1. When the stretch 3-33 is examined, which residues are found to be surrounded by fewer than 18 Cβ atoms within 10 Å (Cβ to Cβ), touching a helix residue (DSSP H, G or I) at 6+ places or on another chain (Cβ under 7 Å) and modelled with pLDDT under 50?
2. Residue 587 passes all but one of (1) aliphatic (A, V, I, L, M); (2) free of Cβ contacts under 8 Å to residues at least 40 places away in the same chain; (3) within 23 Å of residue 520 (Cα to Cα); (4) open to solvent by less than 60 Å² (accessible area, probe 1.4 Å); which number fails?
3. Only one residue in 294, 301 is among the acidic types (Asp, Glu) and either buried (at least 16 other Cβ atoms within 10 Å of the Cβ) or at positive phi (or both), so which one is that?
4. Determine the pairs where a residue that is farther than 17 Å from residue 36 by Cα, located within the stretch 313-339, has a partner that is in a helix (DSSP H, G or I) and of a type in the set (A, V, I, L, M, F, W, C) with Cβ atoms under 6 Å apart, the partner being 6 or more residues away or on another chain.
5. Please tell me if residue 617 is in a helix (DSSP H, G or I), in contact (Cβ under 8 Å) with a residue 24 or more places away in the chain and open to solvent by 10 Å² or more (accessible area, probe 1.4 Å).
6. So how many residues does the stretch 566-584 have that are within 22 Å of residue 427 (Cβ to Cβ), open to solvent by 20 Å² or more (accessible area, probe 1.4 Å) and assigned to a helix (DSSP H, G or I)?
7. Search the stretch 345-390 for residues being in contact with a strand residue (DSSP E or B) (Cβ under 7 Å, 6 or more places away or on another chain) and aromatic (Phe, Trp, Tyr), and hand back the single one that is farthest from residue 438 (Cα to Cα).
8. Just name the residue that is most open to solvent (accessible area, probe 1.4 Å) out of those in the stretch 334-362 that are hydrophobic (A, V, I, L, M, F, W, C) and in a helix (DSSP H, G or I).
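The values are calculated or read from the model by the stated rules, or taken from the named source; none is laboratory data. Just so we're clear, the structure is a prediction, and the values are computed from it rather than from any experiment. Heads up, the Cβs are rebuilt from the backbone with ideal geometry, glycines too, and the neighbour counts pull from every protein chain shown. Just so you know, the surface numbers come from the protein's heavy atoms only, side chains and all, with ligands and any DNA or RNA stripped out. Shrake-Rupley method; radii C 1.70, N 1.55, O 1.52, S 1.80 Å.
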Amino acid sequence: MNFLGSDPFWRSPLYLDEDIQIKKLLLTHDPDGRCLDSELLLRAIQYIILYSEVPLTPLVSDLQFDAMAISDESNIEATISQEPLGHVIYKISLQMRCKWPGEDDLHMRTMFLFDLLGKYKWDAKMVIVLAAFATNYGEFWLLRELCPRNPLAVSIAMLKQLPNDLSTLKPRFKALNFLIKNMVDVTKCIIKFEGLPLSHVELDKEVDVTKSNIYVSAYWVTRSALACSSLISDLIAMKPEQVNLDSTIIATWELLSLVCRSSSIWSHLRQQVDLCHEQIERKMCQKLLELFKESPINNQEVLHMLFASMDDLPLKDCSSQEKLGVSELENKVVVLLISKPELLPIEELLFLVQQTYDHPLNKNYKGNYEIVWFPISYSDTWTDAEVRCFNFFSNYMPWYSIRQPWLHSSAVVNSMKQAWNYKGEPLMVVLDSRGMVTNSNAIDTVISWGVWAYPFSASIEEQLWEEQNWTMQLLIDNIDPLLASWVEEDRDLCIYGSENQEWIQEFISKMKEIKSTGVQLEMVYVGNRNRPDDHVRNILASIAEEKLTGSLSFTTTQFFWLRLESMRRSKLRLRKTADNDHILDEVSALLDFSDSGWAVIGKGSSTDILQLQGKELMQCLNLFSQWGNNVAKLGFSGAIRSALEPSSLPGPCSHSTVIPYAEGLIEGTVICEKCKRPMKKFIVYE
């Protein structure tokens, strides 16, 4: 079997029979399940290599951040081995650095390293070998960097008898850098192949061919790393007369031969891995789309496909950091929160938590559903900034999360994008307990209704809206405990907003005058949708300091507007319009109010709710003496309506409507939406 065709660089006296050598290599391979985050470790290795090519200072900040990302990622360590990763790297680096008597044969030394790394997967073997080389390589260049200005470094360099002038060795180091780059490129291919979800789809013979190339590539990466380490070690105690052009040319040609060999290996391996990747992506995408259309017995097959990774524990509980398997989600409703690594703006994130895990009803559904965060990078490769962002949010959120999203199959990511039309905006895709998609985007449903919308299906969303009327209870919901209690107590309530502090002062002054006549009315300032944060904060502080009226916290005012926006999007997704849907019409009017001032007046579950803007509102309040006597009979909002719409004065109403039962509705007054007169109530039992 000739895996690299007639490539002359592959032919070697040591490898006249490739099959035999591959079999010997496989005899050393006995993985026991331990794994590490190869991609993250390789990123750190690349920084060390970069050290040798650029000045030290500009990289310090980036390196600190990368080290932080690695130290925060507990999964970089082997998951089964009791031997710390640092000890393994040190042991390999020691073997690479030292040539014991009788061990000049690179092939023998290479095979010995494979014996030491037998329990690891192929990608882990490679990054450990590169990490061991990088520590030796990095120590050498760090010593060279510090030598001119650090007495300790000068003393150590003198004891090691390092050459003072490396200019003659420049061609050798240039060839070394080419070889290191090829070693890293080959390792990336191996990592990419090991990360493919091969267990989920069946491929053609390409997999066997690619695996054989992986074995060969792994051998030559390890052998090349040993050759590079030998070059660094040979500099120690090198006599001045040995640093000459002839020795440099010989050593450079030896390295360049390895560069040509590794380039050929990388080119062939990359083609094979890309071919496997394309086949897997195509077949997984097709299989996932078919699964979404089927009616599975439970959700395990679908979830195993969605969370396909190199690890049997692809999830983590963000609150406890416990690693979890897909079986934790069996027979549960699963809500996939798909977003960028930045998750959501902080106010939306806090409100989402309040509407789910902090919702008063959540205890009734605990264990019946789980939210799983599935972050997707902006590109095919996760950046350090994205990793840090993910680590931060996944350490503080109350839900589950993908544990290592940068290792996730691109086939799954692309399938999700195609199936659910993901384009960067956050989605909440709902899978029922059998794994069927019941809502392709429930984020507005969850924000609007919270746990009330369990199990968050599209049919439940539509049903909830059909049962609702435009009331203060719907408008306020549970965004604030005090407001919720006022609604529950059926108090007259006025919520208002404006960016104009003079108008606010005038409005409050007039309302206090009205309340002094005995009118019972609670007032709450809810900010303004389109104003800068600082402006609203200043108004809230002023109202609170002077104790003019009630007010929400700044965060809660944001919750109020976020929920209204979600309510409008939810209605529009159900193909409602302001012309045929009263609630959508009222919500849209609220969101589109001008900044000059407005108020919404109503109480509890009563459908008699009034919205007025600045000028019209103040004109009406100034005429309180003319309509104030109607407050006792019609309620505050009904009395105002009687002043604005004479046809709303008490009298018979010839219209009829059926209103679903809600607690407290029997005692309330229902105003006809057509003629604005109070409606006579009849109770119908079904």
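1. Passing the criteria: 7, 9, 14, 15.
2. (3)
3. Details: 294 fails: either buried (at least 16 other Cβ atoms within 10 Å of the Cβ) or at positive phi (or both).
That would be 301, the only listed residue that is among the acidic types (Asp, Glu) and either buried (at least 16 other Cβ atoms within 10 Å of the Cβ) or at positive phi (or both).
4. 326/303; 329/303
5. Details: in a helix (DSSP H, G or I): yes; in contact (Cβ under 8 Å) with a residue 24 or more places away in the chain: yes; open to solvent by 10 Å² or more (accessible area, probe 1.4 Å): no.
So residue 617 fails the test.
6. Residues meeting the conditions: 4.
7. At the first step, the residues of the stretch 345-390 found to be in contact with a strand residue (DSSP E or B) (Cβ under 7 Å, 6 or more places away or on another chain) are 356, 368-376, 390.
After this cut, where a residue has to be aromatic (Phe, Trp, Tyr) as well, the list is 369, 373-374, 390.
Numbers: 369: 13, 373: 18, 374: 18, 390: 27 Å.
Out of the qualifying residues, it is 390.
8. Here is the first cut: in the stretch 334-362, the ones hydrophobic (A, V, I, L, M, F, W, C) are 334-338, 343-344, 346, 349-353, 361.
So of that shortlist, the ones also in a helix (DSSP H, G or I) come out as 346, 349-353.
Working: 346: 102, 349: 3, 350: 86, 351: 1, 352: 1, 353: 22 Å².
Going through the qualifying residues, I end up with 346.
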